[in-house]
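Take a look at the structure set out below.
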């Protein structure tokens, strides 16, 4: 398989749609060749192309099969939902300034989600570990102006019009001033952005440029997190 990515196809979306109606091992095993051809192969080609693109841009997103491609198999051990397969494509590009294959457990990054009904690109820090969250809060507490200048940049808001979102605490966490002028940022337990993408884009190389634009807009925020995290 070459690293040329020319887009997903309607067969990709059709496979994900059918899988959501037939989420069982028998159906999947019967249609595994469709999964390989319409989901896995174009996903790997896109990962390959994004690896070259990120290198050309000089931004430290990691784009490798190991780091970027989520498995189709769901971990059902601790879930009430026992469906064995995910019904979406998920590609994650961790942002690690010191590039290595062994990314931290919870690296900041950018994520592409494709299912039968929607496509979106999200990013930030989804489930920070307690030490990471503490370090980020401490940096925001000391350097909130820099943080606000990043998330208010026109380029950032152009790519992520909804701005920063995520679960929050009801009160400022212990150890921080309750009357801090940016208490709302210190209460955050996640630092996320998300933006809907027109499904048509995944059928051409346009999705490459869209990932690029959003990843460049997000990079200063991820750098801020990376610099904060010990």
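Give the distance, in whole Å, between the Cα centre of segment 111-126 and the Cα centre of segment 1-38. Taking the Cα centre of segment 1-38 as reference, the centre of segment 111-126 is 18 Å away. At full extension, residue 143 and residue 76 could sit 20.0 nm farther apart than now, given 0.36 nm per residue minus the alpha carbon distance. In this simple spin-label approximation, residue 22 and residue 157 carry label points 7 Å from Cα along the Cα→Cβ vector, and these lie 4.9 nm apart. Note on the chain: Rg/Rh from Cα positions, Kirkwood definition for Rh, rounded to two decimals, is 1.00. Rg/Rh, computed from the Cα trace of segment 1-111 with Rh as the Kirkwood radius, has the value 1.01. Modelled spin labels at residue 177 and residue 52, positioned 7 Å past Cα toward Cβ, are 5.2 nm from each other. Remark: spin-label model distance residue 168-residue 223 equals 2.7 nm, labels positioned 7 Å along the Cα→Cβ axis. Look at the alpha carbon pairs under 8 Å that are at least 6 residues apart: their mean separation over the length of the chain gives a relative contact order of 21 percent.
Look at 149, 141 and count the other Cβ atoms within 10 Å of each Cβ; fewest to most, that gives 149, 141. Let me have the relative contact order for segment 106-224, percent, based on Cα pairs under 8 Å that are six or more residues apart. Answer for segment 106-224 is 35 percent.
FYI, it's all coordinate maths here, none of it is from the lab. Just so you know, these numbers come straight off a predicted model, no measurement behind them. A quick note on method: Cβ atoms are made from the backbone with ideal geometry, for glycine too, and the neighbour counts reach across all protein chains shown.
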